[in-house]
Amino acid sequence: MACSAQFLLLLLPLILLISKATSLPHTPTLPKAAIFPVSKDPSTLQYVAHLSMGENLDSANLVLDLNGPSLWMASELKSASQSHQPCSLKCSMAKSIKGGGAEYNSKGCTLLAENSISRTSTSGDLTEDVLAMEFWDGIGPSSFAKTEKFLFLSSPNLLLKGLAHGARGMLGLGDSRISLPSQFSTTFGFFERRFSVCLSPQKGAVFLGGSPQISSSMLFTPLISKKGEGFYYIDVSSIKVSGKKLPLLQKGILGAKISTIAPYTTFESKIYAAFVESYVSAAISMNLSLVPPVAPFEVCFGLSHMENVPIVDLVLQSELVKWRIHGENSMVVVNDEVMCLGFLDGGPNPRESIVVGGYQIEDHLLEFNLGNSMLGFASLLKGEKKCSDFEASSMDREIF
């Protein structure tokens, strides 16, 4: 089949979804987003997305990588509906990935697949298969649709090392042409090019094409793109602890990478030392007691109420736009007597000065608008709706 004909088949789910809606007796309402569930693996602290793929729509558990350029799965886990992608046009789409090294020949298209947990990579085959999605309207019953031509990488099994038990690969949400958000917006063309992430210690969800309107206090900051990377960064102008700015950051802007792979936020060593000094001073003034540290944390206190700990602010483009981190996202309860500061030393020469990790993301709604390069963020800790309140169905309804 010609490349152009294959590309037109991507629009089939859109046609089916609309025709299904218009057959209903009431006025059809287009869904707000597609949704799939995410759970947290307690042993690895990885976030695992649950998708349905293949001819029989088998469950595919994939470690969520916010900055990953594609979806990759172990090659031994094949379905009858899989096919290697011999189309040069689609291979050229994959070439847009930095370091992808896509190669096209008569046997298909290969490019680099990376395990960002173990920091290993190997060549994978560009493959296509069926992917089913639940469409969420925030009100009534869900509907489902599937795309027959979803592109992903089929990779050697050795790449699974270090992933959560039962994970079949990794799901990338990065800003590349073959990541899930990009393929979704191409296939279902009436959705905006954006997605939202809502994680929690138990279960959460990712929304493609839209965002649940569950917070009126959402703030916005520019997404900073480093050419060719497809990663998600924001600018941090200063860090405050209990309202006091760290002296090391009086001048200059720091780029902070947002990550679902790092379990906790990390700071470059000098920033971390200044941060710890300021935090401990503020904590002692609030009558918290230092206790021996518990690995991997370096600063721990006697267990107290989370409301009675210093507040951390990442100040962004202005003093009015702050990512405020309360006790629930800064302190980790390690046992019945001890809680520890959930920030780690990222080393003296890290690639990024700041990496905002999963623990600090939890119970925040993060909206990544790739159309206007903006990040919206809101804390749901004090709201009526939590990330764990979103349910994606078990895919046992009619799929068209």
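The values are calculated or read from the model by the stated rules, or taken from the named source; none is laboratory data. All of these numbers come straight from a predicted model, not from anything done at the bench. Neighbour counts run over all protein chains shown; Cβ positions are idealised from the backbone, glycine included. Side chains included, ligands, DNA and RNA excluded: accessible areas come from the protein's heavy atoms. Shrake-Rupley method; radii C 1.70, N 1.55, O 1.52, S 1.80 Å.
Would you list which aspartates and glutamates come within 19 Å of Lys161, measuring only between C-alpha atoms, while excluding same-chain residues fewer than 8 positions from it?
By straight Cα distance, Lys161 reaches Asp41, Asp65, Glu76, Glu114, Asp125.
Enumerate by residue number the chymotrypsin sites (Phe, Trp or Tyr not before Pro) in the stretch 131-201 meeting two conditions: DSSP loop (anything except H, G, I, E, B), and at most 14 other Cβ atoms within 10 Å of the site's Cβ.
Sparse-neighbourhood loop chymotrypsin sites (Phe, Trp or Tyr not before Pro): Phe190.
Charges at C-beta only: +1 for Lys and Arg, -1 for Asp and Glu. How large is the resulting dipole of the stretch 182-304 about its Cα centre, in Debye rounded to 20?
Here the stretch 182-304 has a charge dipole of around 240 debye.
In Å², and per residue, what accessible area does the stretch 242-385 have when probed at 1.4 Å with the other protein chains present?
That works out to 44 Å² per residue.
Note down the relative contact order for the stretch 109-208 as a percent, whole number, built from C-alpha pairs under 8 angstrom at least six residues apart.
Relative contact order comes out at 18 percent.
Restricting attention to the stretch 231-338, which GluC sites (Glu not before Pro) occupy a DSSP loop and are surrounded by at most 15 other Cβ atoms within 10 Å?
Hits after loop and neighbour filter: Glu298, Glu319, Glu337.
Quick one: of Lys40/Lys226; Lys203/Lys385; Lys40/Lys257; Lys40/Lys203; Lys32/Lys382; Lys240/Lys322, which pairs are farther than 18 Å apart, Cα to Cα?
Lys40/Lys226; Lys40/Lys257; Lys32/Lys382
From largest accessible area down, sort Thr265, Thr110, Thr186; use a 1.4 Å probe on the protein chains.
Result, largest first: Thr186, Thr110, Thr265.
Let me check something: with ligands and nucleic acids excluded, how do Tyr359, Tyr232 order by accessible area (1.4 Å probe), largest to smallest?
My answer, sorted largest first, is Tyr359, Tyr232.
Whenever you get a sec, line up Arg194, Arg119 from highest to lowest accessible area (probe 1.4 Å, protein heavy atoms).
Arg119, Arg194
Could you state the per residue volume, in Å³, of the convex hull enclosing the Cα atoms of the stretch 218-336?
Taking only Cα atoms, the stretch 218-336 has a hull volume of 131 Å³ per residue.
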